[in-house]
Amino acid sequence: MKNRVTEILNTNYPLIQGPMSWNTDATLVAAVANAGGLGVLGPNAGQTVLTSDPTETAERMRNEIRETKALTKHSFGLNIISGGEENDKDNPFFEGILNVAFEEKVNYFVVIGEINKALFADIKNAGGVIIYRPLTPTRQKMQEAEQAGADLLVVTGHDEGGILPEQALGTFTAIPSMADAVNIPVLGAGGINDARGVKAAFALGAEGVFIGTRFLATKEAPSSIETKKAIVNSGYADMASIGGVVRSIVTEKAKAMLAKAENNGDTSSDAVGGFRIGMLEGNLDEGIISVNTGIDVINDIPSVKELVERLFEGVEG
Ligand SMILES: Cc1cc2nc3c(=O)[nH]c(=O)nc-3n(C[C@H](O)[C@H](O)[C@H](O)COP(=O)(O)O)c2cc1C
């Protein structure tokens, strides 16, 4: 396929694998790159324990970047989480990861969160490509990001896995609304699990797709086998939304978080911590499994190459 997105990404398919905390390491990212998409390393890529030291966090990421390079000759991306210019400049974790990315000559940056103009300028000066994904997509945010120099925009509907947008705008309504508001290409995200979803995203005005959950249930994903099996064996009816922050297959931990949320407790940090314990370690009593609303149609654990070919079967360029 050839379009504006494949040109910018230099890939065979207009496809980006969404970075997922703990669950997107060198092996998965290189497999996506070798299959013709853009793989993206997420936070704690390749790690099993958390570090609270910014230098160690950055150096671990340097190792994972080098490991990815050893597994593929294609480009890949890195996730940068921005809290906005003011917050980022005092954040040693942010600085550390960014410096390592520039030193290691990473070209593609999946920036999520706030629009940090200084960050955008630094990426541009380094010759990098900015793929911007607001956590909550609005037309205004998309237009601001376009003006600030983003190359590609990701429109995420509430159907997605991971930390949920703050509004209940579904993928089907979000894509055309945002695509009409900007001139640069948008990629659709949220609940896209097969070729029907890819075709729908294109029909709605997206020029590419950005997929997270479906890659968890692949042979190469570092996610635990318990997680992969739970995704294959569960459906929408087995899930719960917790405090509006995250959706999970109902594990013991998810039940405890639901109770906490009902008492107005903040479950955000349990959510992200739960990704490691449930999804990486496979401890379903103490962790959660965050996935999109469409897992009814995920019925197997293919290789990344098989999955990517299937996703684009019959999709017109
Ligand atoms: C378990 C999980 C963890 C995620 N962690 C992150 C993250 O750390 N950074 C990020 O930018 N997006 C994160 N995401 C969002 C994905 O990058 C992507 O936007 C989303 O998965 C797309 O929706 P889908 O899951 O329906 O395909 C996460 C998603 C999941 C399912």
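The numbers here are math on the coordinates, done by the rules we state, and not lab data. What you see is a predicted model; the values in this text were computed from it and never measured. Neighbour counts run over all protein chains shown; Cβ positions are idealised from the backbone, glycine included.
Label the range 149-233 by shape, choosing from rounded, prolate and oblate, from the square roots a ≥ b ≥ c of the eigenvalues of the Cα gyration tensor; if a/c is under 1.5 it is rounded, and otherwise prolate applies when a/b is larger than b/c, oblate when it is not.
Since a/c reaches 1.5 and a/b is larger than b/c, the shape of the range 149-233 is classed as prolate.
Ranking Met239, Met1 by Cβ neighbours within 10 Å, fewest first, what do you get?
Neighbour counts put them in this order, fewest first: Met1, Met239.
Between Lys229 and Asp90, what is 0.36 nm times their sequence separation minus the Cα-Cα distance? Round to one decimal in nm. Please list the in-between numbers first.
On the way: separation 139, 0.36 × 139 = 50.04 nm, distance 4.12 nm.
The span from Lys229 to Asp90 would gain 45.9 nm if fully extended.
I need Ile225, Ile242 ordered by Cβ neighbour count within 10 Å, fewest first. It would help to have the intermediate numbers written out before the result.
On the way: Ile225 9, Ile242 28.
Exposure proxy ranking, most exposed first: Ile225, Ile242.
Under the definition of Cα pairs under 8 Å and six or more residues apart, what whole-number percent is the relative contact order of the range 60-115?
Taking the mean separation of contacting Cα pairs over the length of the range 60-115, I get 51 percent.
Taking +1 at the Cβ of each Lys and Arg and -1 at the Cβ of each Asp and Glu, which of Ala240, Ala261, Val291 sits farthest along the dipole of the range 225-295 towards its positive end, judged by Cα position relative to the Cα centre?
Comparing the listed Cα positions along the dipole, Val291 ranks first.
Is the range 88-133 best put as rounded, prolate or oblate by its Cα gyration tensor, with a ≥ b ≥ c the root eigenvalues, rounded for a/c under 1.5, and otherwise prolate when a/b is larger than b/c, oblate when not?
Here the range 88-133 falls in the oblate category.
Taking 21 Å as the cut-off for C-alpha to C-alpha distance, list the pairs among Lys117/Lys141; Lys229/Lys260; Lys69/Lys89; Lys219/Lys305; Lys2/Lys141; Lys228/Lys260 that go past it.
Numbers: Lys117/Lys141 13 Å; Lys229/Lys260 27 Å; Lys69/Lys89 29 Å; Lys219/Lys305 10 Å; Lys2/Lys141 27 Å; Lys228/Lys260 27 Å.
From Lys117/Lys141; Lys229/Lys260; Lys69/Lys89; Lys219/Lys305; Lys2/Lys141; Lys228/Lys260, over 21 Å: Lys229/Lys260; Lys69/Lys89; Lys2/Lys141; Lys228/Lys260.
What is the fewest-to-most order of Asp194, Asp180, Asp88 by other Cβ atoms lying within 10 Å of their Cβ? Please list the in-between numbers first.
Details: Asp194 16, Asp180 10, Asp88 20.
Ranking Asp194, Asp180, Asp88 by Cβ neighbours within 10 Å, fewest first, gives Asp180, Asp194, Asp88.
Please work out whether the range 225-295 counts as rounded, prolate or oblate from its C-alpha gyration tensor, where a ≥ b ≥ c are the square roots of the eigenvalues and a/c under 1.5 means rounded, while otherwise a/b larger than b/c means prolate and anything else oblate?
Since a/c reaches 1.5 but b/c is at least a/b, the shape of the range 225-295 is classed as oblate.
Tell me the relative contact order for the range 225-295 as a rounded percent, counting alpha carbon contacts under 8 Å between residues six or more apart. Could you put the intermediate results ahead of the total?
Values: 110 pairs, mean separation 26.4, N = 71.
The value is 37 percent.
Report the one residue of Ala35, Pro176, Gly273 whose Cα lies farthest in the direction of the positive end of the charge dipole of the chain (charges on C-beta: Lys and Arg +1, Asp and Glu -1; origin at the Cα centre).
Result: Ala35.
So for the pair Asp300, Thr136, with labels modelled 7 Å out along Cα→Cβ, what separation do we get in nm?
Simple spin-label model gives 4.1 nm for this pair.
Work through the residues other than Val182 whose Cβ is under 9 Å from its Cβ and net out their charges, Lys, Arg +1 and Asp, Glu -1.
Values: positive: Arg139; negative: Glu146, Asp180.
After counting each charged neighbour, the total is -1.
Between Gln167 and Ser268, what is 0.36 nm times their sequence separation minus the Cα-Cα distance? Round to one decimal in nm. Please report the intermediate quantities before stating the final value.
Working: separation 101, 0.36 × 101 = 36.36 nm, distance 1.61 nm.
Separation in residues times 0.36 nm, less the Cα-Cα distance, equals 34.7 nm.
Just need the relative contact order of the chain here, percent rounded to a whole number, with Cα pairs under 8 Å and 6+ apart.
17 percent.
Rounded to the nearest Å, what's the spacing between the alpha carbon centres of the range 38-108 and the range 256-280? Just the number, please.
Their Cα centres are 25 Å away from one another.
Give me the distance in nm between label points sitting 7 Å out from Cα along the Cα-to-Cβ direction at Ala240 and Ala70, one decimal.
About 4.3 nm separates the two model spin labels.
Can you give the alpha-carbon Rg of the chain over 2.2 N^0.38 Å, where N counts its residues?
Relative to the 2.2 N^0.38 Å estimate, the chain comes out at 0.92.
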